[in-house]
């Protein structure tokens, strides 16, 4: 009887132990991972300011310089306004001035004009110097041919330096080609002239035609002094 009870008790113990072992072990609840903290929003770097462009304007070019007037050299006409003088105190300069004024052109005549008194501001585009001498005229003016040549060559150079066209004229015919003083005046004036103006009588022997060709200078020839208006512009 005791043996039977012992067997039953042993069987109960085994059954309880088997039950305990076969029950599934309860898994511990998973711990919830902490929520990821959001990265702080990136602060936008301030845009780098470009250095302000140098707005300083360049100084304007100096416009105060006295530019020489631009005058066209043409073998077809003489540009006005002009100023005329005589190398030898002959009436040729006065004659050309009268022709211009009567034809409505602007001109002036001054037989005492010098390099120092020449208006180089642009009032005149052309300087005309008539060649040929008058002994009576030079005597009245208290001068001589050499003094006249010195005055007129310096005057013509000043006109060239100022941008004016220089015209050498002989408009009184062969009467102003009669002696050595006339020829000295002609040689001095024509050598510095940009353009040569003559009347037909002055060139009756072809002297001025040959001179102009040999020295590559434009030659304007008119029938007589009054016709000079036709070649003024």
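In table form, for the structure just shown:
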| read-out | value |
| --- | --- |
| Protection proxy ranking of 131-138, 204-211 - average other beta-carbon atoms within 10 Å, highest first | 131-138, 204-211 |
| Segment 99-179 shape via C-alpha gyration tensor axes, a/c threshold 1.5 | oblate |
| Computed over segment 82-231: relative contact order in percent, which uses C-alpha pairs under 8 Å that are six or more apart | 25 percent |
| Debye log10 I(q)/I(0) for segment 82-231, one point scatterer per Cα, at q = 0.18, 0.19 Å⁻¹ | -1.02, -1.15 |
| D (Stokes-Einstein, µm²/s), Kirkwood Cα radius, segment 173-233, 1.002 mPa s at 20 °C | 178 µm²/s |
| Residue order, fewest to most surrounding Cβ atoms within 10 angstrom, among 127, 219 | 219, 127 |
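Read-outs: derived from the displayed coordinates by stated rules, not from any lab. These numbers were taken from a predicted model, which means no experiment stands behind them. All Cβ positions, even for glycine, are placed from backbone atoms using ideal geometry, and neighbour counts span all protein chains on display.
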